[in-house]
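Q: Sharing a structure with you now.
The values are calculated or read from the model by the stated rules, or taken from the named source; none is laboratory data. Since this is a predicted model, take the numbers as computed values, not measurements. Here the Cβ is made from the backbone with ideal geometry for all residues, glycine too, and neighbour counts use every protein chain on show.
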Amino acid sequence: MAQSSVYGENAGRTAVQAGKGIKVENLNAYYGKHLAIKNVSIEFEPNLITALIGPSGCGKSTLLRNLNRLHEVIPGARAEGKIFLGEENILDKKVDSALIRRKIGMVFQRPNPFPALSIKENVVSGLRLEGESNPHKLERVIEESLKRSYLWDEVKDKLDEPGVSLSGGQQQRLCIARTIAVQPEVILMDEPCSALDPISTLKIEDLMLELKKRFTIIIVTHNMQQAARVSDKTGFMLAGAERTGELIEYAETKKVFTSPKEQRTEDYISGRFG
Ligand SMILES: Nc1ncnc2c1ncn2[C@@H]1O[C@H](COP(=O)(O)OP(=O)(O)OP(=O)(O)O)[C@@H](O)[C@H]1O
Ligand SMILES: [Mg+2]
């Protein structure tokens, strides 16, 4: 890694240090009176890709949104339990949620570049919000983030064009560049490929395998092949009659896919429901 790397400049973090892990303890999350996920305890390890799978409505997105405190912005939503990023319980009211969302970035199902911003300004939008204005630093972050998200070669000659002028797959890689530009610890991805064609999907999967060297990655996916291809560990969630989701099984991906402990996991993976 070159000396000039922006990733080397961040105090206390070396160039290839992994992000921190996340430990969830006894998480209950509600929408009003509805208990959407119950008693979820799970540990997401650094340097690994963890996949969350399960039928629609079982609470995968709810769990993900709790991890960076996006759950609480939904009117009537609340949560109980603890979520540790490193040593810090990020559900503690004293913890600044904006700071948490910087440390735990999120990539959504539909690529959502800022429509009014150029490709390069999309990448550094988070840094500009933090007050960064050094043009050399911004240029460097733009180039590095776009290279890291495997987009640089496709856009380096048109950095001033609107982000939304790119294809869907390119826009999603732009959103990943925007997410990594602020050097988060963790990247959450909620069905990041569901709006993409198979080639773009494989590019994002390649990219994830590269990014896990540096970040803790948690991905929600409905695509079993994708979970099997990219993830190291897999969590299977399921909701019962009360529409309350629980974590049914959590283990190494290979184990979950070849010899799950629970019959319900096997039934889901083999396509018998959901
Ligand atoms: N904003 C909301 N307000 C009220 N209830 C919600 C809200 N979002 C989700 N829920 C409810 O919480 C439960 C879990 O939803 P969630 O979106 O987390 O499921 P999911 O596993 O991500 O499903 P999908 O695979 O369809 O995305 C569902 O019963 C859903 O109706
Ligand atoms: Mg969802």
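Q: Taking the criterion of being within 30 Å of I42 (Cβ to Cβ) and away from ligand 2 (no atom under 16 Å from the Cβ), would at least one residue in the range 121-132 satisfy it?
A: Yes, the range 121-132 has at least one match.
Q: Just give me the residues in the range 209-229 being more than 16 Å from ligand 2 (Cβ to nearest atom), buried (at least 22 other Cβ atoms within 10 Å of the Cβ) and closer than 20 Å to F257 by Cα, in sequence order.
A: Hit for the range 209-229 is I217, nothing else.
Q: K94 passes all but one of (1) surrounded by fewer than 16 Cβ atoms within 10 Å (Cβ to Cβ); (2) not in a loop (DSSP other than H, G, I, E, B); which number fails?
A: Here K94 meets the rest and fails (2).
Q: Right, another one. Considering only the range 136-151, state which residues are part of a helix (DSSP H, G or I), within 12 Å of A177 (Cα to Cα) and modelled with pLDDT of 95 or more.
A: Result: V141, I142, E143, E144, S145, L146, K147.
Q: Additional query: Restricting to the range 30-85, give me the number of residues that are surrounded by fewer than 17 Cβ atoms within 10 Å (Cβ to Cβ), closer than 15 Å to Y250 by Cα and of a type in the set (A, V, I, L, M, F, W, C).
A: 0
Q: Restricting the search to the range 222-257, which residues are in contact with a strand residue (DSSP E or B) (Cβ under 6 Å, 6 or more places away or on another chain) and of a type in the set (S, T, N, Q)?
A: S231, T234, T244, T253
Q: Looking at (1) over 23 Å from N47 (Cα atoms); (2) away from ligand 1 (no atom under 16 Å from the Cβ), which is the one condition that is false for G76?
A: With (1) over 23 Å from N47 (Cα atoms); (2) away from ligand 1 (no atom under 16 Å from the Cβ) applied to G76, the lone miss is (2).
Q: Tell me, which residue of the range 33-47 that is over 14 Å from E242 (Cβ atoms) and away from ligand 2 (no atom under 16 Å from the Cβ) is farthest from the chain's Cα centre (by Cα)?
A: My answer is S41.
Q: Going by the structure shown, is S133 more than 24 Å from N26 (Cβ to Cβ), in a helix (DSSP H, G or I), without any contact (Cβ under 8 Å) to a residue 60 or more places away in the chain and more than 16 Å from ligand 1 (Cβ to nearest atom)?
A: Details: more than 24 Å from N26 (Cβ to Cβ): yes; in a helix (DSSP H, G or I): no; without any contact (Cβ under 8 Å) to a residue 60 or more places away in the chain: yes; more than 16 Å from ligand 1 (Cβ to nearest atom): yes.
Answer is no for this residue.
Q: Failed condition for I176, given (1) closer than 18 Å to I22 by Cβ; (2) among the β-branched types (V, I, T); (3) touching a helix residue (DSSP H, G or I) at 6+ places or on another chain (Cβ under 8 Å), with all others met?
A: Unmet for I176, out of (1) closer than 18 Å to I22 by Cβ; (2) among the β-branched types (V, I, T); (3) touching a helix residue (DSSP H, G or I) at 6+ places or on another chain (Cβ under 8 Å): (1).
Q: Which residue pairs have Cβ atoms closer than 7 Å, lie 6 or more positions apart in sequence or on different chains, and pair a first residue in the range 152-165 that is part of a loop (DSSP other than H, G, I, E, B) and exposed (fewer than 13 other Cβ atoms within 10 Å of the Cβ) with a second residue that is modelled with pLDDT of 95 or more and small (G, A, S)?
A: D160/S118
Q: Just to verify a result, which residue in the range 97-122, among those that are within 16 Å of ligand 1 (Cβ to nearest atom) and of a type in the set (A, V, I, L, M, F, W, C), is surrounded by the fewest Cβ atoms within 10 Å (Cβ to Cβ)?
A: F108
Q: Go through the range 48-91 and give me each residue that's within 15 Å of ligand 2 (Cβ to nearest atom) and part of a helix (DSSP H, G or I).
A: K60, S61, T62, L63, L64, R65, N66, L67, H71
Q: Would you be able to say whether some residue in the range 66-81 is charged (D, E, K, R), at pLDDT below 95 and in contact with a helix residue (DSSP H, G or I) (Cβ under 9 Å, 6 or more places away or on another chain)?
A: The answer is no; no qualifying residue exists.
Q: Spot the failing condition for S194; the list is (1) out of contact with any Asp or Glu (no Cβ under 7 Å at 6 or more places or on another chain); (2) polar (S, T, N, Q); (3) assigned to a helix (DSSP H, G or I), and only one is missed.
A: The number of the failed condition is (3).
Q: Kindly check whether there is at least one residue in the range 92-113 that is more than 16 Å from ligand 2 (Cβ to nearest atom), at pLDDT below 95 and of a type in the set (D, E).
A: No, the conditions are met nowhere in the range 92-113.
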